[in-house]
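The values are calculated or read from the model by the stated rules, or taken from the named source; none is laboratory data. Everything numeric in this text was worked out from a predicted model, so none of it was measured. Don't worry about glycine lacking a Cβ; one is built from the backbone with ideal geometry, like all the others, and counts go over all protein chains shown.
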Amino acid sequence: MRKRIRNKKGQEEMVGFVLIVVVVAIIMVVFLGIFIRSSKSQDYKLQSVDVHQFLTSLMEYTTDCSLTYEGDYADMSELIAECYANPGKKCLSGVTDCQALNSTLKGILDASWIVGENSAYTGYVFNSTYQENLTSFIVKKQAISVLKGNCTGKSFRGDEVFFSNPPGKIVSSFRVCF
Amino acid sequence: MNSYCARYSKRGQLKIQEMAFVLVAIMVFFGIVILVFFSAYLSGMKNDVNTLAEDEARQIVRKIASSPELTWADKATCGSGACIDVDKALIMKERKSYADFWNLDYLRIDRIYPTTGTGECTLGGYPNCRTIILVNKTDSFGATSSAYVSLCRWETANGGYVKCEIGRIYASGNGIK
């Protein structure tokens, strides 16, 4: 009779032990799941100070396109806005605003970010988009896009800057891949 | 009755032992998985720390561009506040008394775009040049931190206008640690 009681006690302890292990395992799995999910959604990790500094300097660059009178040269942000609003408008030099924007932007990107086999970077993507918040949805229209190399992988750094272009804004983003 | 009880208890004990071993194995397995996971996570954190340190150094280097001795004063053409007045930089380069001004071993400004011109800049040679070395105290200045800046100047052609180009500033020394 005593042995039976002892066996029962041992079984009860075993059930308790099993319960504790199962509960601990479930807590671990839930914790890991939450942890992995939250680390995946941390987009700030992708932001790069270097890219941000590059974009702000890029927007201040004085282009060779003068749209009003000789000497009134547009900076990069003005030229992006002009290319979006009036794509065929000509600079005083004769080229259109979008042609001037394309050639200047490609020149700056090529000189600033060396891409290829001998470089740490495999490619880059530059995008400028006009965005307007309407009551029920957001209007997005692309102003210009420049892509070089391979930028399909998951390893990249990037950032975006925006400037006002009433009634909306123009958001310029740059992503460099490695 | 007694012998029956003894057989039953041995079986039960064996099963309990088996279960205990399995549970211990499960716990050890989970322990190893967690160890591997956290070691990977910590190595990722180390990378983050390095990136943050680099970013901080870049911000400090960029702040040099916004010091009154170098900055382009007109905020209408320089919204970011990180524009270097090239004329100021060229004058500072000539004045050796400014060598200790920033507590740096090395300070250089590169013209990134347009890509025309090579060599070191002088007062009369700009913009047909590439670099302005403001401080160079030692050959072993170590690794430099760098940041993109705008290089602005007054261009006299076509009635005169402000011309801003893309540049990069490099610095090394105690002043940015």
Query - Selection status of residue A:16, more than 30 Å from residue B:161 (Cβ to Cβ), at pLDDT below 85 and of a type in the set (Gly, Ala, Ser) - result: yes
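Yes/no per residue for (1) away from chain B (no Cβ under 14 Å); (2) at pLDDT 95 or above; (3) over 24 Å from the mean Cα position of the chain (by Cα); (4) outside any loop (DSSP other than H, G, I, E, B):
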| position | (1), (2), (3), (4) |
| --- | --- |
| A:36 | no, no, no, yes |
| A:44 | no, no, no, yes |
| A:83 | yes, no, no, yes |
| A:88 | yes, no, yes, no |
| A:94 | yes, no, yes, no |
Report task. Restricting attention to the stretch B:104-133, report how many residues are closer than 19 Å to residue B:170 by Cβ, free of Cβ contacts under 8 Å to residues at least 12 places away in the same chain and more than 14 Å from every other protein chain (Cβ to nearest Cβ). Result -> 0
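Scan the stretch B:137-160 residue by residue and report those that are in contact with a Phe, Trp or Tyr (Cβ under 6 Å, 6 or more places away or on another chain) and farther than 20 Å from residue A:54 by Cβ. Spell out how you get there, then give the answer.
Keep residues of the stretch B:137-160 that are in contact with a Phe, Trp or Tyr (Cβ under 6 Å, 6 or more places away or on another chain), which gives B:141, B:144, B:146, B:148, B:152, B:155.
Once the filter is applied, which keeps residues that are in contact with a Phe, Trp or Tyr (Cβ under 6 Å, 6 or more places away or on another chain) and farther than 20 Å from residue A:54 by Cβ, the stretch B:137-160 yields B:141, B:155.
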**Report entry** Index of the failed condition, residue B:106 passing every other in (1) crowded, with 18+ Cβ neighbours inside 10 Å; (2) within 30 Å of residue A:106 (Cα to Cα)
**Finding:** (2)
Query raised in the report: Limited to the stretch B:135-177, what total is found for residues that are more than 21 Å from the chain's Cα centre (by Cα), more than 13 Å from chain A (Cβ to nearest Cβ) and of a type in the set (A, V, I, L, M, F, W, C)?
Result: 0
**Report entry** Test result for residue B:87, among the acidic types (Asp, Glu), part of a helix (DSSP H, G or I), surrounded by 13 or more Cβ atoms within 10 Å (Cβ to Cβ) and in contact with a strand residue (DSSP E or B) (Cβ under 7 Å, 6 or more places away or on another chain)
**Finding:** yes
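Tell me yes or no: at least one residue of the stretch B:140-163 is of a type in the set (Asp, Glu) and either assigned to a strand (DSSP E or B) or in contact with a helix residue (DSSP H, G or I) (Cβ under 7 Å, 6 or more places away or on another chain) (or both). Break it down stepwise before answering.
Going residue by residue through the stretch B:140-163, those that are of a type in the set (Asp, Glu) are B:155.
Imposing the further condition that a residue be either assigned to a strand (DSSP E or B) or in contact with a helix residue (DSSP H, G or I) (Cβ under 7 Å, 6 or more places away or on another chain) (or both) reduces the set to B:155.
Looking for residues that are of a type in the set (Asp, Glu) and either assigned to a strand (DSSP E or B) or in contact with a helix residue (DSSP H, G or I) (Cβ under 7 Å, 6 or more places away or on another chain) (or both), one finds at least one in the stretch B:140-163, hence yes.
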Query - Restricting the stretch A:97-113 to residues that are more than 12 Å from chain B (Cβ to nearest Cβ), buried (at least 19 other Cβ atoms within 10 Å of the Cβ) and not small (Gly, Ala, Ser), the residue that is farthest from residue A:127 (Cα to Cα) - result: A:97
